[in-house]
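S.K.: One structure, as structure tokens, below. Some questions next.
Values quoted throughout were computed directly from the atomic coordinates according to the rules given, and no laboratory measurement underlies them. Since this is a predicted model, take the numbers as computed values, not measurements. Backbone-built Cβ (ideal geometry, glycine too); neighbour counts: all protein chains shown.
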């Protein structure tokens, strides 16, 4: 656990902070730096973990989790947030279980060329996420209409909108406080032994 900001370790946490650290634990049983950076203001951790799980890990989502992780990774690439990219592209790899495809996707996203690996609805959603990240002030109704023409439902558009918006928040939190992945268990999902 490493960041420029002071973070309270488990052994020094009491009361509400201890409860919220327990709520923020990953399936590995650890608390990643992305949540621990809130330890001086625990209620922001509470809001953050609730938002994160509702946006990315909700059973209500219709888009596959692997694709939402790709949206998260692409947003993090566009924001130059290595912390989120490291964690969330590992999730892509773990969920896809196809190393060559994962490698090709990573190269395409890093080159800002999602069209090299995606088409149709998925490509339209990635282009939407890119504009929402890098040129939000120029979003227009035709951006939304292009998604509909590509076959996206309103619910799918909302899912990508929320993942992208969340990662724009999280990337700024992490980069702005100098958070690193030091001592984090990389990736949310446990790998099969």
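S.K.: With springs only between Cα atoms under 10 Å, which of 12, 112, 87 fluctuates most in a Gaussian network model of the chain?
M.R.: Of the options given, 12 has the highest mean-square fluctuation.
S.K.: Place a point 7 Å from the Cα of residue 50 along the Cα-to-Cβ direction; which residues of segment 16-42 have their backbone N under 17 Å from it?
M.R.: Flagged as within label range: 16-25, 35, 38-39, 41-42.
S.K.: Alpha carbon centre of segment 2-34 versus segment 62-102: separation in Å?
M.R.: One Cα centre to the other: 24 Å.
S.K.: What three numbers, in Å, describe the spread of the alpha carbons of segment 65-176 along their principal axes, ordered from the longest?
M.R.: 35, 33, 24
S.K.: Could you work out the helix-only [θ] at 222 nm for the chain, with each DSSP H run of four or more residues adding -39,500 (n - 2.57) and the total divided by the number of residues, to the nearest 500 deg cm²/dmol?
M.R.: Dividing the helical sum by the residues of the chain leaves -19000 deg cm²/dmol.
S.K.: Per residue, what volume in Å³ does the Cα convex hull of segment 1-57 take up? Intermediate values should be presented prior to the final figure.
M.R.: Working: hull volume 4.5 nm³, N = 57.
Output value, Cα hull per residue: 80 Å³.
S.K.: Continuing with this model, one more query. What's the whole-number percent of alpha carbon pairs in segment 110-193 lying beyond 17 angstrom?
M.R.: On the way: 2059 of 3486 pairs.
Counting every Cα pair in segment 110-193, those more than 17 Å apart make up 59 percent.
S.K.: Hey, fewest Cβ within 10 Å first, where do 102, 2, 39 land in order?
M.R.: Numbers: 102 19, 2 13, 39 23.
Fewest to most other Cβ atoms nearby, the residues stand as 2, 102, 39.
S.K.: For the Cα atoms of the chain, what angle does the longest principal axis make with the long axis of helix 65-78, in degrees from 0 to 90, nearest 10?
M.R.: 90
S.K.: At 10 °C and 1.306 mPa s, grab the translational diffusion coefficient of the chain from Stokes-Einstein with a Kirkwood Rh over Cα pairs, rounded to a whole number in µm² per second.
M.R.: Numbers: Rh = 17.3 Å.
This corresponds to a translational diffusion coefficient of 92 µm²/s.
S.K.: Using the Kirkwood formula on the Cα atoms of segment 28-80, what hydrodynamic radius do you get, in angstrom to one decimal? Write down the numbers at each step before the final one.
M.R.: Working: mean 1/r = 0.0793 Å⁻¹.
Evaluated over segment 28-80, this radius sits at 12.6 Å.
S.K.: Name the residue, out of 105, 149, 157, whose mean-square fluctuation peaks in a Gaussian network model built on the chain with Cα pairs under 10 Å.
M.R.: Comparing 105, 149, 157 in a Gaussian network model of the chain, the most mobile one is 149.
S.K.: Modelling each spin label as a point 7 Å along the Cα-to-Cβ direction, I'd like the residue 136/residue 9 distance in nm, to one decimal.
M.R.: With each label point 7 Å from Cα toward Cβ, the separation is 3.7 nm.
S.K.: Treat the count of other C-beta atoms within 10 Å as a stand-in for reagent exposure and order 153, 33 from fewest to most.
M.R.: In order of increasing Cβ crowding within 10 Å: 153, 33.
S.K.: Same structure again: Please arrange 184, 135, 10, 59 by how many other C-beta atoms lie within 10 Å of their C-beta, fewest to most. Could the numbers behind the result be given before it?
M.R.: Details: 184 21, 135 10, 10 15, 59 4.
By the 10 Å Cβ count, ascending, the order reads 59, 135, 10, 184.
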